[in-house]
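Working notes, beginning with the structure itself.
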Amino acid sequence: MSHKTVVCVVGTRPEAIKMAPVVLALRSQDYFDVKILATGQHSAMLDQALAHFKLTADVNLHIMKERQSLDHITSSVLTGAGEYFDTIGPAAVLVHGDTTTTFAAALAGFYRKIPVGHVEAGLRSGNMHLPFPEEMNRVLTDRITTWAFAPTELAKENLLCEGTQGDMILVTGNTVIDALYYTAKSTSKPFCPELTRLPQDAPFLLVTAHRRESWGKPLEDICSALTMLLDSHPELWMVIPMHRNPSVRETIRKYLEEREKVILCDPLDYPDFVWAMNASMFILSDSGGVQEEASAIKKPVLILRDVTERPEAVEKGSGVIVGVDREKIYSNAIELLENKDHFTEIENKCRFQPFGDGTASLKIADALKEYFEKDRK
């Protein structure tokens, strides 16, 4: 039996983490010849994430350059992915989430009439500029895909409201939960040297902030709120893995580099990040994936955005939207630090996990196999 070739495209570290369980599930079936195409929208971080799952990219386009523009990413991925698809002639292409790599690779597949599967389809904030350009990327990707693998029932409803046919949609849960469970089994202590600065049992907050719409004053206000927290709670530590974008790093360092109990470090390996999420008191983040992961481990997360495309994280999970307003961030963090009843209330919201049970990747692999087996009859 000749195996069907499926190309799984990843460009950033979060994509690699969330697509890796899908690759493993597809390969376990011995039905598909699975290729990993890395665009290199993020470079070293992407390879690092794949390595955690014992995976390597078959091809890396290495498109990343310093202060890269959206025009550069889009055109480079579109051309590079298209050339790779022409070379190997895949039966299907899988993309994940909402990055520029996602949209451009899906478009390259669409141009060649290759069926495209969108993992994490149907997420919507309702505002085309928040997050930017991610909301546009996922809306357009969903319009040109053959299979919409929706993580939740709400995501499915979003797709149906936009005219996606019901037989194209499969609710799977989110593959980041698969990755989280895979990682949690093998992670008992951190390996990052910077994290050894943390005294044993030191109370600390985990902070991540990198969204493009937060660059400039919004990020400055976030950092200002963090300094207020440190001043009001001298016992508190912070771990802040910094995105590699120079604009993000310059702002964070301006406010927090001289703080003794602040650990500024490069993006953490995924096992170390899972450790940090688990060990922290709570999390402040503008990451979509962190909203899902935090709900799965019942860890409160203050969402540093004005809107979220994952409302389940707020309604049924551990998320609280605080935006980028300094006073709102500070007051909500203080409430978590000083009000145990409030903290427990948020933890208790996570009794029913809104983002799946860790089997999303198996559902996706089974659906693709069933599709191609029917096609052969």
Close pairs (8 angstrom Cβ cut-off, 6 or more residues apart or separate chains): among the β-branched types (V, I, T) in the range 255-268, in a loop (DSSP other than H, G, I, E, B) anywhere: I263/L198
One residue from G97, G40, G11, G89 being touching a His at 6+ places or on another chain (Cβ under 8 Å), on the phi > 0 side of the Ramachandran plot and not assigned by TED's automatic domain parsing to the domain that holds R249: G40
Residue that is surrounded by the most Cβ atoms within 10 Å (Cβ to Cβ), among those in the range 161-182 that are touching a Pro at 6+ places or on another chain (Cβ under 7 Å) and of a type outside the set (S, T, Y): N174
Residue list for the range 344-359, restricted to those being within 14 Å of R310 (Cβ to Cβ), outside any helix (DSSP H, G or I) and at pLDDT below 90: Q353, P354
Filtered residue count, the range 141-155, keeping only those that are farther than 25 Å from T5 by Cβ and exposed (fewer than 15 other Cβ atoms within 10 Å of the Cβ): 1
Number of the exception - L70 against (1) within 21 Å of V248 (Cβ to Cβ); (2) in contact (Cβ under 8 Å) with a residue 40 or more places away in the chain; (3) more than 19 Å from the chain's Cα centre (by Cα): (3)
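Here is a yes/no grid of residues against (1) among the charged types (D, E, K, R); (2) crowded, with 16+ Cβ neighbours inside 10 Å; (3) part of a helix (DSSP H, G or I); (4) without any contact (Cβ under 8 Å) to a residue 40 or more places away in the chain:
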site	(1), (2), (3), (4)
E312	yes, yes, yes, no
V320	no, yes, no, yes
V324	no, yes, no, no
Y330	no, yes, yes, no
A333	no, yes, yes, no
L336	no, yes, yes, no
H342	no, no, yes, yes
Residue that is surrounded by the fewest Cβ atoms within 10 Å (Cβ to Cβ) [pool: residues in the range 17-31 that are of a type in the set (A, V, I, L, M) and in contact (Cβ under 8 Å) with a residue 60 or more places away in the chain]: L24
Residues of the range 75-107 that turn out to be hydroxyl-bearing (S, T, Y) and crowded, with 18+ Cβ neighbours inside 10 Å, as a count: 6
Hits in the range 74-84 (condition: free of Cβ contacts under 8 Å to residues at least 40 places away in the same chain and either of a type outside the set (S, T, Y) or touching a Ser or Thr at 6+ places or on another chain (Cβ under 8 Å) (or both)): T74, S76, L78, G82, E83
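For every residue, the table says whether it meets (1) part of a loop (DSSP other than H, G, I, E, B); (2) hydroxyl-bearing (S, T, Y); (3) under 21 Å from the mean Cα position of the chain (by Cα); (4) buried (at least 22 other Cβ atoms within 10 Å of the Cβ).
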site: L159; (1), (2), (3), (4): no, no, yes, yes
site: K189; (1), (2), (3), (4): yes, no, no, no
site: L195; (1), (2), (3), (4): no, no, no, no
site: V207; (1), (2), (3), (4): no, no, yes, yes
Subset of the range 108-126 that is at pLDDT 95 or above and in contact with an Asp or Glu (Cβ under 8 Å, 6 or more places away or on another chain) - its residue that is surrounded by the fewest Cβ atoms within 10 Å (Cβ to Cβ): R112
Any hit, the range 362-375, residues being among the hydroxyl-bearing types (S, T, Y) and outside any helix (DSSP H, G or I): no
Identity of the residue in the range 32-70, under 29 Å from H3 (Cα atoms), in contact with a Lys or Arg (Cβ under 6 Å, 6 or more places away or on another chain) and surrounded by 19 or more Cβ atoms within 10 Å (Cβ to Cβ), that ends up modelled with the lowest pLDDT: L46
Residue check, L219 closer than 29 Å to L337 by Cα, buried (at least 19 other Cβ atoms within 10 Å of the Cβ) and touching a residue at least 60 places away in the same chain (Cβ under 8 Å): yes
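The values are calculated or read from the model by the stated rules, or taken from the named source; none is laboratory data. Note that the structure is a prediction, hence the values are computed from the model and not measured. Backbone-built Cβ (ideal geometry, glycine too); neighbour counts: all protein chains shown.
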